[in-house]
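Remarks on the structure that follows.
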Amino acid sequence: MSSVLFVCTGNICRSPTAEGILRHKLKSLGVLGRFSIDSAATHSYHTGHPPDDRTVAVAREYGVELGDLRARAVMAGDFQDFQTILAMDRNHLRILKTMTPDPYAGELRLFLDYCPGMEGQDVPDPYYGEIRGFHDVYALIERGVDGFLRSLLDS
């Protein structure tokens, strides 16, 4: 079974969006059961809380449900449980690298490395902005998920 963990700051905007989009796409392909997918935070600010209301509303507009997700922080066991850990920005990647046990046999990288033309770039945090930013981030994350999905299905 392939496994992926998406990581952002509070696990209420970017990473649950990526988790929800990937789940939605894998379900529509009839292969969701072949994958373990989760999301987590580098900081425990929102542990136990659902995604931000704006995140949920935007995802729902595209047919993706996020309301059952709950924020959690990255745990040491995640490095054993997930073959791929994808950071939404370079700061998350830096934090994850400090947490990574030696050796870690999985893949740890930036999420947008899977988005052609966006490699090495950050997914912007929409939290302090207007609803338009949530739509923009959703579209960007969907592009990244599509690239990641292609790599999953090609392997």
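The values are calculated or read from the model by the stated rules, or taken from the named source; none is laboratory data. This one's a predicted model, so the numbers in the text were calculated from it and none came from an experiment. FYI the Cβ positions are ideal-geometry reconstructions off the backbone, even for glycines, and counts take in every protein chain you see. Just the protein is used for accessible areas: all its heavy atoms, side chains included, with ligands, DNA and RNA removed. Shrake-Rupley method; radii C 1.70, N 1.55, O 1.52, S 1.80 Å.
If I filter the stretch 50-63 for residues that are open to solvent by 30 Å² or more (accessible area, probe 1.4 Å), polar (S, T, N, Q) and part of a helix (DSSP H, G or I), do I get at least one hit?
To start, the set of residues in the stretch 50-63 that are open to solvent by 30 Å² or more (accessible area, probe 1.4 Å) comprises 50, 53-54, 57, 60-63.
Then keep just the ones that are polar (S, T, N, Q); that gives none.
Within the stretch 50-63, not a single residue is open to solvent by 30 Å² or more (accessible area, probe 1.4 Å), polar (S, T, N, Q) and part of a helix (DSSP H, G or I).
If I ask for residues that are of a type in the set (Ser, Thr, Tyr) and open to solvent by less than 70 Å² (accessible area, probe 1.4 Å), which ones from the stretch 139-155 would you list?
At the first step, the residues of the stretch 139-155 found to be of a type in the set (Ser, Thr, Tyr) are 151, 155.
Listed by number, the list holds a single entry, Ser151.
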Condition (residue is over 17 Å from Asn11 (Cα atoms), under 14 Å from the mean Cα position of the chain (by Cα), outside any loop (DSSP other than H, G, I, E, B) and hydrophobic (A, V, I, L, M, F, W, C)) applied to the stretch 83-90: is it met by at least one residue? no
So which residues in the stretch 124-138 are surrounded by 12 or more Cβ atoms within 10 Å (Cβ to Cβ) and either closer than 16 Å to Thr84 by Cβ or out of contact with any Cys (no Cβ under 9 Å at 6 or more places or on another chain) (or both), if there are any at all? Pro124, Gly129, Gly133, His135, Asp136, Tyr138
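Which members of the stretch 20-49 meet the condition of being within 23 Å of Ser151 (Cβ to Cβ), outside any helix (DSSP H, G or I) and open to solvent by 50 Å² or more (accessible area, probe 1.4 Å)?
Applying the first criterion (within 23 Å of Ser151 (Cβ to Cβ)) to the stretch 20-49 yields 20-40.
Subsequent filtering for residues that are outside any helix (DSSP H, G or I) retains 30-31, 35-40.
Within the stretch 20-49, just Gly30 meets the criteria.
I'm trying to understand the selection: among the residues of the stretch 75-117, which are among the basic types (Lys, Arg) and either closer than 22 Å to Ser151 by Cα or open to solvent by less than 100 Å² (accessible area, probe 1.4 Å) (or both)? Working first, answer last.
So in the stretch 75-117, the residues among the basic types (Lys, Arg) come out as 90, 94, 97, 109.
Selection gives Arg90, Arg109.
Evaluate the following for Phe6: is it open to solvent by less than 30 Å² (accessible area, probe 1.4 Å), over 23 Å from Leu140 (Cβ atoms), outside any loop (DSSP other than H, G, I, E, B) and in contact (Cβ under 8 Å) with a residue 12 or more places away in the chain?
Answer is no for this residue.
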Can you tell me which of (1) closer than 14 Å to Val7 by Cα; (2) open to solvent by 30 Å² or more (accessible area, probe 1.4 Å); (3) in a loop (DSSP other than H, G, I, E, B); (4) touching a helix residue (DSSP H, G or I) at 6+ places or on another chain (Cβ under 8 Å) is the one Ala71 doesn't meet? (2)
